[in-house]
Amino acid sequence: MSELGRYLKETRKEKKMTLEEIQEVTKIRKRYLEAIEKGEYNALPGAFYARAFIKSYAEALGLNPEQVLEQFSHELPRVPQTPTELVQTPQRKSRRTRRPSSTAGGKWVSNLLFYAFLLLIGFVIYISVVNFINPEAGAPLDDAPGVDSDGEVVSEEEQNGGATETNGQNGKENQSENEPVQQAENAFLEPVLTRGETEGNRTYYTYENATEMIVRLEAANGDVWYSLNDEAAGQEIDQLLLTQGSSKEWDLSSYEQVRFHFGNTPGAQLYINDQPVDLSGLSQVHHIVINFNPAE
């Protein structure tokens, strides 16, 4: 056993620590810790790891790791030094091999720009020669006079007049064609159910963009007493006590405003065209007013 190994082992026993505890703290395998205590450094991964493991071991025991390494430096394996020339030589070679590639790339780009410039000059000269020989070659075809079906020349005013009249007719036709399209788009608007303000024990709802209003009431949680009224006419439509699990449905498409009066609002579930009505947070006895704005 080496002096360093004996010193670390005795210190560990004085602190009443096991190798398993040292392993848990340092994350170093137990067999490496045993090799350090026996002085068998050749069992460690290498000289560098040997010094690092000993340093961690000393720290786990509460010792000064630098002082321990210095005190027992004569026992520690030496870390081999890499010659400086071996590191510098590849750098010099890599610098020399980069210069020709950058120079060749610069010459290639310069040649490409030069030939492109020559092609541009040749194209400009060609266009100039063509325009000089035949100046009317680039004239627009829109200036040419029109010819009617009999082979006679048509004046510009007659052409413009006919075009204006045609555009006017097309505009009227397009307008008439767009009307049914607009009506079809309005017909496919999604129905919207909006919950409005609550005033005392009365809450207002608006249902719009629908062609009909089918209302269904379900007694989902206990018995529900209700009365259904035509609010605009001030007349009662229906009144009944629904037992738990039962339901009833009405076609209220012809009414502008209806009102439900519930005796057990938390136990009721109300649907308009199978769309649930939000009744959350309402009082036990409550009035539900529904305004119906049908789609045009």
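Numbers below:
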| item | result |
| --- | --- |
| Matching entry among T203, T194 (being in contact with a His (Cβ under 8 Å, 6 or more places away or on another chain), hydroxyl-bearing (S, T, Y) and under 17 Å from F292 (Cα atoms)) | T203 |
| Residue tally, condition in contact (Cβ under 8 Å) with a residue 40 or more places away in the chain and more than 21 Å from Q71 (Cβ to Cβ), over the stretch 1-27 | 0 |
| Options S280, S254, S227: the member that is assigned to a strand (DSSP E or B) and of a type in the set (G, A, S) | S227 |
| Considering residues of the stretch 28-44 that are without any contact (Cβ under 8 Å) to a residue 12 or more places away in the chain and under 51 Å from the mean Cα position of the chain (by Cα) only, the residue farthest from E3 (Cα to Cα) | R29 |
| Some residue of the stretch 255-271 being on the phi > 0 side of the Ramachandran plot, in contact with a Pro (Cβ under 8 Å, 6 or more places away or on another chain) and not hydroxyl-bearing (S, T, Y) | no |
| Selection within the stretch 68-77 - in a helix (DSSP H, G or I) and either of a type in the set (A, V, I, L, M, F, W, C) or under 19 Å from E14 (Cα atoms) (or both) | V68, L69 |
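Condition check ((1) surrounded by 10 or more Cβ atoms within 10 Å (Cβ to Cβ); (2) at pLDDT 75 or above; (3) charged (D, E, K, R); (4) touching a Ser or Thr at 6+ places or on another chain (Cβ under 7 Å)) across all residues:
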{"site": "S149", "(1), (2), (3), (4)": "no, no, no, no"}
{"site": "T166", "(1), (2), (3), (4)": "yes, no, no, no"}
{"site": "T203", "(1), (2), (3), (4)": "yes, yes, no, no"}
{"site": "Y226", "(1), (2), (3), (4)": "yes, yes, no, no"}
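The values are calculated or read from the model by the stated rules, or taken from the named source; none is laboratory data. Every value quoted in this text rests on a predicted model; they were computed, and no experiment measured them. Reconstructed Cβ throughout: ideal geometry from the backbone, glycine too, with neighbour counts over all protein chains shown.
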